[in-house]
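The values are calculated or read from the model by the stated rules, or taken from the named source; none is laboratory data. Predicted model only: the values in this text are computed from it and were never measured. FYI the Cβ positions are ideal-geometry reconstructions off the backbone, even for glycines, and counts take in every protein chain you see. Quick note on the areas: whole protein, heavy atoms, side chains included, nothing else; ligands and nucleic acids left out. Shrake-Rupley method; radii C 1.70, N 1.55, O 1.52, S 1.80 Å.
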Amino acid sequence: MSAAILEVNELKKHFPLKGGLLGSTTGYVYAVDGVSFSIAKGETLSLVGESGCGKSTVGKAILRLFDITSGQVVLDGKRIDDLSTTALRPMRRRVQVVFQDPFSSLNPRMKVRDILAEPIRNFGLAKDSKDLEARVAKLMDTVRLPRDAVNRWPHEFSGGQRQRIGIARALAAEPDLIVCDEAVSALDVSVKAQIVNLLQDLQQELGLALLFISHDLAIVEHMTHRVAVMYLGKIVEVAPKRSLFAAPKHPYTEALLSAVPVPMPGKQRERIILTGDVPSPINPPKGCRFHTRCPYAFDRCRVEEPKLAQVPTALVSGHVAACHLHDRPEAENPLAVAKGAALVAA
Ligand code: SF4
């Protein structure tokens, strides 16, 4: 992989809780609480975790949809989290988004031609009106939609076609990075596969980097280069796809993977059912945030927060996890081998 197009350093986003008659701050939702990762040019990094873990908040912070509490977001070597709206404008073109819901993310009062022309005009990318038309037609080709469909309204398309228009709108700005926020979650299974294949093709053709935010590990396994797993506002594991799926090194990842169907007849995974509710991000547990649900928790986990570090028993370098188990001798570490996610005979 080449140099990083995006670096996120110790990102925090704490939303204030307002209460009382005067609307004073009574606490905070620690939605994202110290997250760091990078994405190389042309790479797909998937950010996964249960609903409410903070993964979409990370995406919105990168898109500068709000100001962050602290940390840094660096795009192609330039910090963007502290830029003014005016200074941010040229950088906005370089990071685009595809949202989850293709039904509400397109303006119903604009024809497809105008939806695609808008970012081209806004960023001054077309030389003249002929060039604008040519760019719109090329975008339709790129997302495999007929050119004459530019004269139609969003409601005249299926969900999958609308998501293609959403992708074309993102591409219209000629970005370096696209944030795909649950971009295929609302689609039927067969349409989902088509859109994932399209995103993969486009990535190879255009050299795009993708931040693929998803709760669906089966889709992630199909399309990503690396995976970052989030739990309660923190990243708990990051690894190249093969290493993570073959031998997860965090108990939370192990449990998530155990629920992914295995595409091999006669095989199944040993399912790990997590007990207990996800704790509130308003009052996250001390020590390891996962200790209230972790089947391997021991005394140290309840008092000391584990740091992300290379796992000694991982298959490759760059496989990091935040778990005290990896400080134990291998014989006392249930994740030294891929026990939980291992395939077992049906
Ligand atoms: Fe479980 Fe402890 Fe590891 Fe946290 S640090 S994941 S509680 S074993």
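Please give the strands (runs of 3 or more DSSP E) falling wholly within region 163-273 in which 1 or more residues are of a type in the set (A, V, I, L, M, F, W, C) and either buried (at least 24 other Cβ atoms within 10 Å of the Cβ) or free of Cβ contacts under 8 Å to residues at least 24 places away in the same chain (or both).
Once the strands (runs of 3 or more DSSP E) in region 163-273 are filtered for at least 1 residues that are of a type in the set (A, V, I, L, M, F, W, C) and either buried (at least 24 other Cβ atoms within 10 Å of the Cβ) or free of Cβ contacts under 8 Å to residues at least 24 places away in the same chain (or both), what remains is 177-181, 209-214, 226-231, 234-240.
When only residues in region 284-303 that are within 9 Å of the ligand (Cβ to nearest atom) and either loosely packed, with under 13 Cβ neighbours inside 10 Å or of a type in the set (Phe, Trp, Tyr) (or both) count, which is nearest to GLY52 (Cα to Cα)?
PHE290
Quick check: is even one residue across region 118-133 surrounded by fewer than 16 Cβ atoms within 10 Å (Cβ to Cβ), farther than 21 Å from ILE219 by Cα and of a type in the set (Gly, Ala, Ser)?
Scanning region 118-133, I find at least one residue that is surrounded by fewer than 16 Cβ atoms within 10 Å (Cβ to Cβ), farther than 21 Å from ILE219 by Cα and of a type in the set (Gly, Ala, Ser), so the answer is yes.
State which residue is modelled with the lowest pLDDT when the search covers only region 325-341 and only residues that are within 13 Å of the ligand (Cβ to nearest atom) and buried (at least 21 other Cβ atoms within 10 Å of the Cβ).
By that ranking, first place goes to GLY340.
Taking the conditions exactly as written (within 11 Å of the ligand (Cβ to nearest atom), at pLDDT 95 or above and either of a type in the set (Gly, Ala, Ser) or over 17 Å from VAL227 (Cα atoms) (or both)), does ALA309 satisfy them or not?
No.
What's the number of the only condition in (1) closer than 16 Å to ALA321 by Cβ; (2) more than 12 Å from the chain's Cα centre (by Cα); (3) among the β-branched types (Val, Ile, Thr) that VAL260 fails to meet?
(1) is the only condition that VAL260 fails.
Residue check: is SER214 more than 21 Å from LEU65 (Cβ to Cβ) and of a type in the set (Gly, Ala, Ser)?
no
Can you pull out the residues in region 144-162 that are out of contact with any Leu (no Cβ under 9 Å at 6 or more places or on another chain) and open to solvent by less than 20 Å² (accessible area, probe 1.4 Å)?
ALA149
Taking the conditions exactly as written (of a type outside the set (D, E, K, R) and assigned by TED's automatic domain parsing to the domain that holds GLN310), does ALA186 satisfy them or not?
Criteria not met by ALA186.
Yes or no: GLY124 outside the structural domain of ILE62 (by TED's automatic domain parsing) and under 25 Å from LEU88 (Cα atoms)?
So GLY124 fits the description; yes.
For region 125-143, indicate whether the set of residues that are touching a strand residue (DSSP E or B) at 6+ places or on another chain (Cβ under 8 Å), within 30 Å of PHE37 (Cβ to Cβ) and of a type in the set (Ser, Thr, Tyr) is non-empty.
The answer is no; no qualifying residue exists.
Does SER105 qualify as being open to solvent by 20 Å² or more (accessible area, probe 1.4 Å), at pLDDT below 95 and among the small types (Gly, Ala, Ser)?
In short, yes.
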